[in-house]
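The values are calculated or read from the model by the stated rules, or taken from the named source; none is laboratory data. Please read all numbers here as calculations on a predicted model, not as lab measurements. We place every Cβ from the backbone using ideal geometry, glycine too, and count neighbours over all the protein chains shown.
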Amino acid sequence: MTGHNTHIRDRCTQTVLARLRIGHTYLTQRYLLTRDHQSYCDDCLVPLTVRHLLVEYPSLIDLRHRYLYRCRSRDSGVYYLSEVLGPACLSPGHDVFKYLDEAGLLPYL
């Protein structure tokens, strides 16, 4: 296997990372499988997407600052999904998986 995930030995971790990168997780896309209505964020009343969970959801801002701080603009403080899930997403001091775990989202992806 080649690509950015080759240093990740755990297949489950590779799978979750791939799902996040394409934006298709069980949490955000299950309505396509179950024929239910699309899930919405209870707080923001917007469709539940990977982007919303990782870089927009206001209730998780403290966790973003703790685990994903290297992925935000120095000027505006905006977080970028391409950085959060980019090649450096598993580098020391940047841990998208700890962020998702502490937010209680990891089991649902």
Might you let me know whether the stretch 79-86 holds any residue that is without any contact (Cβ under 8 Å) to a residue 12 or more places away in the chain, assigned to a loop (DSSP other than H, G, I, E, B) and either on the phi > 0 side of the Ramachandran plot or in contact with a Gly (Cβ under 9 Å, 6 or more places away or on another chain) (or both)?
-> no
Determine the pairs where a residue that is closer than 10 Å to Leu27 by Cα, located within the stretch 95-109, has a partner that is of a type in the set (Ser, Thr, Tyr) and outside any helix (DSSP H, G or I) with Cβ atoms under 7 Å apart, the partner being 6 or more residues away or on another chain.
-> Leu109/Thr25
In the stretch 80-109, residues that are of a type in the set (Phe, Trp, Tyr), at pLDDT below 90 and either surrounded by fewer than 15 Cβ atoms within 10 Å (Cβ to Cβ) or farther than 20 Å from Asp10 by Cβ (or both) total 1
Return the total of residues in the stretch 31-49 being surrounded by 14 or more Cβ atoms within 10 Å (Cβ to Cβ) and under 28 Å from Ala88 (Cα atoms).
-> 3
Please identify the pairs in which a residue from the stretch 2-27 that is among the β-branched types (Val, Ile, Thr) and in a helix (DSSP H, G or I) has its Cβ atom under 9 Å from the Cβ atom of a residue that is surrounded by 11 or more Cβ atoms within 10 Å (Cβ to Cβ) and modelled with pLDDT under 80, counting only partners at least 6 apart or on another chain.
-> Thr13/Asn5; Thr13/Leu90
Return the pairs, sorted by first residue and then second, in which the second residue is in a strand (DSSP E or B), the first residue lies in the stretch 47-70 and is among the basic types (Lys, Arg), the beta carbons are less than 8 Å apart, and the residues are 6+ apart or on different chains.
-> Arg64/Arg72; Arg64/Tyr79
Restricting the stretch 36-75 to residues that are at pLDDT below 90 and not in a helix (DSSP H, G or I), the residue that is nearest to Asp101 (Cα to Cα) | Leu68
